[in-house]
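S.K.: I'd like to ask you about the structure that follows.
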Amino acid sequence: MAENVTPRVRVPRSAAAGETITIKTLISHPMESGQRKDSDGNPIPRSIINRFTCEFNGETVIDVQLEPAISTNPYFEFESLVPEAGTFVFTWYDDDGSVYTESKDIAIA
Amino acid sequence: MKKALLKSAICAAALGGFAHAAAADESASLVINGELEIVTEAPAPAHLDGALRTVYSGWVFRSDETQVMQMDDFDNPGMIFVESGMADWNTAEGTEGKSCADCHGDAEESMREVRAVYPKWNDEAEEVRTLQMQINACRTEQMGAEALKTDAGSMLNMEAYISSVGRGTIVNVAVDGPAQAAWEQGRDLYYTRTGQLDLSCANCHEQNYGNMIRADHLSQGQINGFPTYRLKNAKLNGVQGRFKGCVRDTMAETYSPGSPEFVALELYVASRGNGLSVEGPSVRN
Amino acid sequence: MKLTRRATLLMAMGTAAAAVLPFRASAAAEDAIATFTGGATVGAGGLTLTAPEIAENGNTVPISVDAPGAVSIAIFAVGNPTPDVAIFNFGALSGSQSASTRIRLAGTQDVVAVAKMADGSFVKASQEVKVTIGGCGG
């Protein structure tokens with residue numbers, strides 16, 4: 001079970017209708033690969049974020065499948081269209097069943 | 001500067017083209033979040049007595065990709081830990097039920113000039129204190145809280161938070177007055193060879209910075225960027241933990257983080273960076 | 001030099017081992033890529049993979065992919081024990097078919113990106129990333 005998992009996202013506060021914006025996300029998570037051993041030589045079980053999604057007003061922007069080769073504290077940068085004012089919802093799915101979400105509103109300037 | 005650049009270019013070329021590409025653009029300038037200008041190169045402080053002409057932040061020795069990660073707080077994973085430190089700053093703890101903020105208010109103001117002058121002499125305690133020692137003195141004496149472990153989790157988070165609000169201020173550690181004895185002890189340690197490899201700090205970081213040690217680009221070993229987020233272990237690393245790693249790698253028995261020897265060494269090494277900006281939490285390999 | 005039967009046998013085994021080791025690594029990667037493409041022919045062009053020529057540490061290597069018109073892009077690290085790294089699926093509101101992330105590389109190897117285009121075709125791009133090791137193990 002990962003501790004202190006905190007999502008962070010960066011989304012502009014406003015955009016022009018139809019504009020393409022850049023979004024960055026970072027979540028604190030060890031991304032334990034399952035390949036490592038502890039000091040007694042026992043394998044440390046895999047525990048990763050295995051999926052990340054970003055939706056805007058219910059429509060998919062990006063849907064990512066993550067493997068253990070994604071670095072600790074998974075970071076993503078991608079672009080989204082902003083057709084209208086609304087809300088981005090970001091969701092991270094953990095191997096242990098935990099789901100972490102964050103949302104950000106964006107206005108039309 | 002020209003000479004240092006040339007030196008590293010020649011060395012990199014000598015070790016093969018592979019090494020050359022690993023060498024960073026040392027003329028790059030560090031501006032964080034597009035506005036916070038960081039001094040990564042400065043005339044060496046007088047007390048170095050000509051041992052170095054110019055001091056350089058470790059940032060200039062890193063690859064372009066590593067450099068970029070420190071140029072935006074969102075891209076810098078060290079800021080995750082700063083956020084934890086900020087939360088702790090505002091959390092009441094101990095028998096007095098006080099938080100850091102209860103006495104010190106907004107850290108962005110009260111702590112702005114603090115990182116740059118540590119380690120420093122404490123008159124009452126009659127000792128040189130690192131910032132971590134001062135944090136623990138506050139905790140045990142003012143808050144009635146337990147001391148945090150040197151160079152570990154919560155302590156590094158707090159140190160990173162206090163450093164982060166001081167980014168851009170110029171390191172100015174006092175080397176004379178009551179701190180002088182500890183400073184001289186630290187200087188002696190810096191120049192003492194240790195271990196089976198028989199290396200002192202100076203052998204690598206004063207005499208060979210800019211050169212490649214295997215595939216790694218040797219820095220001056222400046223600590224203005226600590227605590228630092230290392231790509232290697234994906235977490236914050238403290239100064240004295242790094243000292244321990246370096247000494248261990250000479251195949252020597254090392255002092256422990258928190259020992260008087262490492263406190264003296266931290267004072268001395270910090271003073272070698274007088275003139276550079278506070279940079280922590282930095283990003284290094 | 002006189003070749004004994006034993007020496008010849010050892011040399012042959014050595015050659016076999018040398019030939020087999022990299023092959024095994026790429027076989028797992030071939031399988032992983034085939035799983036993504038369904039065994040379809042993979043072309044080139046229209047996909048940009050950006051990765052450092054030299055990574056200072058294999059634990060955190062920044063990479064970017066960009067394939068205008070793609071529906072998804074998969075990334076593989078062919079020299080890792082498990083070659084799969086990530087699959088980016090682009091939705092209706094994606095502003096571009098591009099993304100950046102940070103990945104783990106077990107050592108110097110090729111990073112491969114494969115994009116599935118809107119018409120169902122596949123294209124591939126690859127780049128070698130040299131992973132350096134620290135100065136004195138620190």
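S.K.: For the subset of the stretch B:165-200 comprising residues that are assigned to a helix (DSSP H, G or I) and open to solvent by less than 30 Å² (accessible area, probe 1.4 Å), which member is nearest to B:H104 (Cα to Cα)?
M.R.: Ranking the candidates gives B:V165 first.
S.K.: Looking at the stretch C:40-91 only, could you name the residues that are within 18 Å of A:V64 (Cα to Cα), surrounded by fewer than 21 Cβ atoms within 10 Å (Cβ to Cβ) and facing chain A (nearest Cβ under 7 Å)?
M.R.: Listed by number, the residues that qualify are C:T82, C:I87, C:N89, C:G91.
S.K.: If C:S94 meets every condition in (1) more than 7 Å from chain A (Cβ to nearest Cβ); (2) crowded, with 20+ Cβ neighbours inside 10 Å apart from one, which number is that one?
M.R.: Here C:S94 clears every test but (1).
S.K.: Select, from B:E253, B:E279, the only residue that is crowded, with 21+ Cβ neighbours inside 10 Å, among the charged types (D, E, K, R) and in a loop (DSSP other than H, G, I, E, B).
M.R.: Residue meeting the stated conditions: B:E279.
S.K.: Condition first: touching a residue at least 60 places away in the same chain (Cβ under 8 Å) and more than 17 Å from B:N76 (Cβ to Cβ). Now tell me which residues in the stretch A:21-46 satisfy that.
M.R.: Of everything in the stretch A:21-46, those that are touching a residue at least 60 places away in the same chain (Cβ under 8 Å) and more than 17 Å from B:N76 (Cβ to Cβ) turn out to be A:I21, A:I23.
S.K.: Suppose we keep only residues that are without any contact (Cβ under 8 Å) to a residue 24 or more places away in the chain and among the β-branched types (V, I, T) within the stretch B:40-84. Which one would you say is least open to solvent (accessible area, probe 1.4 Å)?
M.R.: Restricting to residues being without any contact (Cβ under 8 Å) to a residue 24 or more places away in the chain and among the β-branched types (V, I, T), the top hit is B:I80.
S.K.: Quick one: in the stretch B:232-250, of everything that is open to solvent by less than 40 Å² (accessible area, probe 1.4 Å) and assigned to a strand (DSSP E or B), which residue is farthest from B:A46 (Cα to Cα)?
M.R.: Only one residue fits best here, namely B:L236.
S.K.: Among (1) touching a Lys or Arg at 6+ places or on another chain (Cβ under 8 Å); (2) over 21 Å from C:F88 (Cα atoms), which single condition is A:T25 missing?
M.R.: In the conditions (1) touching a Lys or Arg at 6+ places or on another chain (Cβ under 8 Å); (2) over 21 Å from C:F88 (Cα atoms), A:T25 misses (2) alone.
S.K.: Same structure again: Taking the condition of being of a type in the set (V, I, T) and under 15 Å from the mean Cα position of the chain (by Cα), how many residues in the stretch B:128-164 meet it?
M.R.: Selection size over the stretch B:128-164: 3.
The values are calculated or read from the model by the stated rules, or taken from the named source; none is laboratory data. Predicted model, so just to flag it, every value in this text is computed and none were measured. Glycine also receives a Cβ, built like all others from the backbone with ideal geometry; neighbour counts cover every protein chain displayed. Remember, those area values only see protein heavy atoms, side chains included, never the ligands or the DNA or RNA. Shrake-Rupley method; radii C 1.70, N 1.55, O 1.52, S 1.80 Å.
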